[in-house]
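Comments concern the structure below.
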Amino acid sequence: MNALLETFIERKDELLSATLTHIGISLTALLIAIVITVPLAIWLVNHRKVGEVVLQITSVLQTIPSLALLGLLIPFVGIGSTPALIALVIYALLPIFQNTYVGLSEIDPALEEAATAFGMSRLRRLFKVDLPIAMPIIISGIRSALVLIIGTATLAALVGGGGLGNFILLGIDRNNLALTLIGAIASALLAVIFSGLIRMLQYMKPKWSLGIILTLCLMIVGGTIYEQYQNREETVRIAGKLGSEPDILINMYKELIEEADPNMTVELKSNFGKTSFVFNALKSDEVDIYPEFTGTVLDSLVSVPESLDASQLSPEETYQEADKRLKEQFDMTLLKPMAYQNTYALAVRDDYAKDHQLTTISDLKAISQQVQAGFTLEFIDRDDGYKGIQSLYDLQFGDVASMEPSLRYEAIGNGDIDITDAYSTDSQLEEYHLKLLEDDQQLFASYQGAPLMRQEFYDDHPKIVEALNQLAGQITEEEMAKMNYAVNVEEKDAQEVAHDYLVAHGLVEEGD
């Protein structure tokens with residue numbers, strides 16, 4: 001409980017910002033869903049066959065898994081709040097449409113006939129008879145939709161949409177239960193509060209209740225759009241992938257840029273998402289800079305000839321090849337890399353390595369069928385991951401499970417698995433007493449980190465380029481591992497850790 005309270009106090013500003021973003025996304029989705037479904041249901045009440053078809057379509061749409069839906073949307077609309085918003089609208093269609101359609105369909109025909117007998121026009125009958133009778137059911141559908149939206153909106157964090165999901169993802173990534181609980185509790189409280197507010201509207205006059213819902217949604221949406229418009233042109237946006245290491249690096253970038261130009265405003269988007277999400281955000285001008293790795297560029301981001309084997313390139317050759325192809329294919333520039341290698345590796349517990357006399361990956365051949373492996377999905381699917389291990393080393397482990405990055409370390413620490421994929425600078429190597437096996441067949445390519453940006457941004461911001469180039473050739477593997485350990489295990493703030501490094505190496509002044 002003390003840890004939860006301390007984390008809440010320490011991150012109250014971040015929590016407020018994430019909560020407002022969460023509310024903005026949720027109410028925007030609700031407003032769009034209402035505008036789509038309520039008029040559609042009103043029209044289809046008199047076209048029952050078409051209405052039943054639409055009802056079935058909205059039911060089918062709601063069965064699509066949220067992760068799959070986000071994945072389908074990203075190629076068309078990029079990442080950020082847009083795919084999250086579209087997904088939330090899709091999930092909100094069924095409860096609002098169904099309740100509006102059913103509420104209007106089940107009005108007593110005798111009431112309709114009486115209203116017609118009194119000479120009411122169709123439009124007047126709708127607003128004076130039909131909607132007032134059906135309004136409690138319609139509001140109930142809106143209430144169900146909003147609760148569903150608020151809960152599902154946590155997934156926006158997976159595609160850089162922000163919100164309370166950032167706390168949950170960060171908590172999982174850093175094995176910090178307090179962060180995860182804060183995100184989950186805040187999301188649940190929002191659902192309860194807004195559910196209660198909408199329930200109160202069920203007992204108000206229809207025109208007041210619907211008017212209040214629309215006005216509130218419009219105010220939130222308008223405020224969000226205005227804020228984004230105001231900040232869009234004045235801010236350098238730096239994103240980082242999931243994890244402590246990108247978080248440390250982007251804080252270094254921020255401090256170096258502000259040191260070079262005190263008038264520059266820098267906005268950090270930490271834990272923005274996985275590689276494809278952040279790269280797409282850079283392509284679509286949603287962010288300006290993010291730290292990328294040379295080996296990742298060649299393996300995942302650019303097209304390379306089949307004859308090119310990145311694992312056979314030197315670190316300098318890997319960088320040159322990555323930068324060249326980024327320029328040719330995406331008009332992007334990768335600045336000069338830092339010194340350390342954050343390459344893939346296979347890790348086992350120290351005692352397991354000792355018991356089975358493991359030093360290299362090839363040593364696993366003798367016990368491969370007994371090995372229980374736990375790898376990330378990305379590693380399992382990569383040619384320089386498990387696929388490469390199978391082909392180059394001729395290794396097929398007895399059991400291979402896919403796991404989230406942060407969970408695999410806990411699993412190997414508990415003895416649930418025997419081996420996992422790792423990065424050579426991960427703090428968990430020390431935390432869980434793990435040994436890296438030597439890549440004796442040279443499967444893994446060189447992975448040096450460097451700032452990635454669009455060529456246009458590079459040309460327009462020479463001061464920023466000069467500031468970031470101060471990190472070229474800096475930071476050893478040992479230094480990066482220690483900084484990761486300070487954030488993940490000692491629970492120090494990434495900004496503090498980044499600042500301490502820059503001060504210790506004379507890149508910024510102590511008091512900055």
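The values are calculated or read from the model by the stated rules, or taken from the named source; none is laboratory data. Not measured: the values here are computed from a predicted model. Cβ atoms come from the backbone with ideal geometry, glycine included; neighbour counts cover every protein chain shown.
Looking at Ala260, Ala239, Ala184, Ala178, just one residue is modelled with pLDDT of 80 or more, surrounded by 14 or more Cβ atoms within 10 Å (Cβ to Cβ) and within 30 Å of Val35 (Cα to Cα), and that residue is Ala184.
To keep it simple, each residue is scored yes or no on (1) of a type in the set (Ser, Thr, Tyr); (2) under 25 Å from Ala239 (Cβ atoms); (3) in contact with a His (Cβ under 9 Å, 6 or more places away or on another chain).
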{"position": "Tyr101", "(1), (2), (3)": "yes, no, no"}
{"position": "Pro109", "(1), (2), (3)": "no, no, no"}
{"position": "Thr116", "(1), (2), (3)": "yes, no, no"}
{"position": "Pro136", "(1), (2), (3)": "no, no, no"}
{"position": "Gly151", "(1), (2), (3)": "no, no, no"}
{"position": "Ala157", "(1), (2), (3)": "no, yes, no"}
{"position": "Asn176", "(1), (2), (3)": "no, yes, no"}
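Where residues in the range 54-80 are of a type in the set (Gly, Ala, Ser) and surrounded by 16 or more Cβ atoms within 10 Å (Cβ to Cβ), which of them is nearest to the chain's Cα centre (by Cα)? Can you show your working first?
Residues of the range 54-80 of a type in the set (Gly, Ala, Ser): 59, 66, 68, 71, 78, 80.
Still in the running and surrounded by 16 or more Cβ atoms within 10 Å (Cβ to Cβ): 66, 78, 80.
On the way: Ser66: 13, Gly78: 12, Gly80: 8 Å.
By that ranking, first place goes to Gly80.
Going through (1) more than 30 Å from Leu242 (Cβ to Cβ); (2) modelled with pLDDT under 85 one by one, Ile138 falls short only on (2). Selection within the range 300-344: residues that are of a type in the set (Val, Ile, Thr) and buried (at least 21 other Cβ atoms within 10 Å of the Cβ). The member of this set that is farthest from Glu378 (Cα to Cα) is Thr318. Under the condition of being surrounded by fewer than 22 Cβ atoms within 10 Å (Cβ to Cβ) and assigned to a helix (DSSP H, G or I), the residues counted in the range 345-385 number 19.
Could you check the range 410-512 for helices (runs of 4 or more DSSP H) lying wholly inside it with 1 or more residues that are under 25 Å from Lys354 (Cα atoms) and of a type outside the set (A, V, I, L, M, F, W, C)?
Values: elements: 428-431, 455-460, 462-468, 477-488, 494-504.
By residue number, 428-431, 477-488.
The residues of the range 308-330 that are basic (Lys, Arg) and out of contact with any strand residue (DSSP E or B) (no Cβ under 8 Å at 6 or more places or on another chain), listed by number, are Lys324, Arg325.
Pairing residues of the range 445-469 that are among the charged types (D, E, K, R) with residues that are modelled with pLDDT of 95 or more and assigned to a strand (DSSP E or B), at Cβ distances under 7 Å and at least 6 apart in sequence or on separate chains, gives Arg454/Met332. Taking Ala29 as the residue in question, decide whether it is in contact (Cβ under 8 Å) with a residue 24 or more places away in the chain and either farther than 30 Å from Leu126 by Cβ or more than 19 Å from the chain's Cα centre (by Cα) (or both). No, not satisfied.
Identify, from the list Arg408, Arg349, Arg382, the residue that is within 29 Å of the chain's Cα centre (by Cα), among the basic types (Lys, Arg) and under 26 Å from Glu479 (Cβ atoms). Explain how you work it out, then say what you get.
On the way: Arg349 fails: within 29 Å of the chain's Cα centre (by Cα); Arg382 fails: under 26 Å from Glu479 (Cβ atoms).
Sole residue among the options that is within 29 Å of the chain's Cα centre (by Cα), among the basic types (Lys, Arg) and under 26 Å from Glu479 (Cβ atoms): Arg408.
Looking at Asp394, is it assigned to a loop (DSSP other than H, G, I, E, B), free of Cβ contacts under 8 Å to residues at least 40 places away in the same chain, of a type in the set (D, E, K, R) and farther than 22 Å from Glu478 by Cα? Taking the combined requirement at face value, the residue satisfies it. When Glu306 is tested against the conditions (1) in a loop (DSSP other than H, G, I, E, B); (2) under 14 Å from Ala445 (Cα atoms), the lone failure is (2).
Per-residue answers, yes or no, for (1) surrounded by fewer than 18 Cβ atoms within 10 Å (Cβ to Cβ); (2) hydroxyl-bearing (Ser, Thr, Tyr); (3) not assigned by TED's automatic domain parsing to the domain that holds Ser427:
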residue: Pro83; (1), (2), (3): no, no, yes
residue: Ala87; (1), (2), (3): no, no, yes
residue: Glu112; (1), (2), (3): yes, no, yes
residue: Thr152; (1), (2), (3): no, yes, yes
residue: Asn166; (1), (2), (3): no, no, yes
residue: Leu190; (1), (2), (3): no, no, yes
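If you go through the range 309-333 and keep only what is within 20 Å of Asp459 (Cβ to Cβ) and in a loop (DSSP other than H, G, I, E, B), you end up with just Asp331.
Assigned to a helix (DSSP H, G or I) and under 28 Å from Ala87 (Cβ atoms): is that true of Leu158 in this structure?
On the way: assigned to a helix (DSSP H, G or I): yes; under 28 Å from Ala87 (Cβ atoms): yes.
Criteria met by Leu158.
Out of the residues in the range 266-279 meeting the condition of being buried (at least 21 other Cβ atoms within 10 Å of the Cβ) and modelled with pLDDT of 85 or more, tell me which one is nearest to Glu245 (Cα to Cα).
Initially, the range 266-279 is screened for residues buried (at least 21 other Cβ atoms within 10 Å of the Cβ), giving 270-273, 277-279.
Right, trim to modelled with pLDDT of 85 or more and you get 278-279.
Details: Val278: 15, Phe279: 17 Å.
That would be Val278.
Only a single criterion out of (1) over 28 Å from the mean Cα position of the chain (by Cα); (2) in a helix (DSSP H, G or I); (3) more than 16 Å from Leu443 (Cβ to Cβ) is not satisfied by Asn280, namely (1).
Out of everything in the range 41-53 that is surrounded by 18 or more Cβ atoms within 10 Å (Cβ to Cβ) and in a helix (DSSP H, G or I), what residue ends up being modelled with the lowest pLDDT? Break it down into steps so the answer makes sense when it comes.
Filtering the range 41-53 down to residues surrounded by 18 or more Cβ atoms within 10 Å (Cβ to Cβ) leaves 41, 44-45, 51.
Imposing the further condition that a residue be in a helix (DSSP H, G or I) reduces the set to 41, 44, 51.
Numbers: Ala41: 93, Leu44: 92, Gly51: 89.
Across the range 41-53, the extreme among qualifying residues is Gly51.
Entry remark, the range 445-468: residues being surrounded by fewer than 17 Cβ atoms within 10 Å (Cβ to Cβ) and closer than 17 Å to Lys327 by Cβ number 4 in total.
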